[in-house]
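Bear in mind these aren't lab numbers, they're just calculated from the coordinates by the rules spelled out. Values in this document were obtained by computation on a predicted structure and should not be read as measured data. Backbone-built Cβ (ideal geometry, glycine too); neighbour counts: all protein chains shown.
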Amino acid sequence: MKCPHCGYIDSKVLDSRQMDDGSATRRRRLCEACDGRFTTYERIDTIAFSVIKKSGEREPFDRSKLINGIMKSCHKRPVSIDQAEGIAALAEREVMASLSREVESVKIGEIVMDKLREIDEVAYVRFASVYKQFRDIETFMAELSGILRERDNETFDKH
């Protein structure tokens, strides 16, 4: 594996572990030339599918783009990169299970929002505000009110 620090092609695996969802193997590596440490992920090569954006434009699914979007919504929140990768892997698995070669970005966004809502409500609201493109404060407040109603119902159901 090529070192991202110096470009040397040999590295030593220090640690390997399965991702929580079993979708990939995470390997911690040490460059034999510069002693730089880096992480790689090994996953099964899957059949590519296209994402149909809101504009109607099609582009290949890009897991890293999805992870970056999730991580932006989780900025300064207690959500790890492993959790973000797990959400992206879940979305990818659900799309792959549908056996469709194309999927609307809406479907991927809903999967991500459902999972973020379970993990961190603030990250969920951040992701939803970009994804749902809230046009004004009223639509934003309506979303927040829905979250608060659900939380109140859950609290009421527990008692």
* Using just the helices of the chain, give the 222 nm mean residue ellipticity in deg cm²/dmol: DSSP H runs with n ≥ 4 each add -39,500 (n - 2.57), and the total is spread over all residues, rounded to 500. => -15500 deg cm²/dmol
* To do: Determine how many Å³ per residue the convex hull of the Cα atoms of the chain encloses.
  => 162
* Pairwise label distance in nanometres, ASP15 with CYS34, each label 7 Å out on the Cα-Cβ vector -> 2.2
* So between LEU144 and ARG26, what do we pick up on full extension, going 0.36 nm a residue minus the alpha carbon distance? -> 38.9 nm
* Label-point separation, LYS2 to LYS107 (7 Å along Cα→Cβ), nm -> 3.4
* Report the residues of the stretch 95-117 in range of a label on ARG58: point 7 Å along Cα→C-beta, backbone N strictly under 12 Å from it. => 101-104
* With a point put 7 Å past each Cα toward its Cβ, work out how far LEU99 is from GLU42 in nm, to one decimal. => 3.0
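In the structure shown, do any of LYS72/LYS115; LYS54/LYS107; LYS12/LYS72; LYS53/LYS115; LYS53/LYS76; LYS2/LYS72 have a Cα-Cα gap over 23 Å, and if so which?
Among LYS72/LYS115; LYS54/LYS107; LYS12/LYS72; LYS53/LYS115; LYS53/LYS76; LYS2/LYS72, the Cα-Cα distance tops 23 Å for LYS12/LYS72; LYS53/LYS76; LYS2/LYS72.
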* To do: Using DSSP to define loop residues, name the GluC sites (Glu not before Pro) in the stretch 18-58 whose beta-carbon has at most 14 other beta-carbon atoms within 10 Å.
  => GLU32, GLU57
* Structure fact -> Under the Karplus relation with 6.51, -1.76 and 1.60 and θ = phi - 60°, whole-Hz ³J(HN,Hα) for the stretch 17-23, x at Gly and Pro, equal 8, 6, 5, 3, 8, x, 7
* Structure fact -> Which residues qualify? For GLU104, with a placed amide H closer than 5 Å and at least 5 residues away or on another chain, they are ILE52
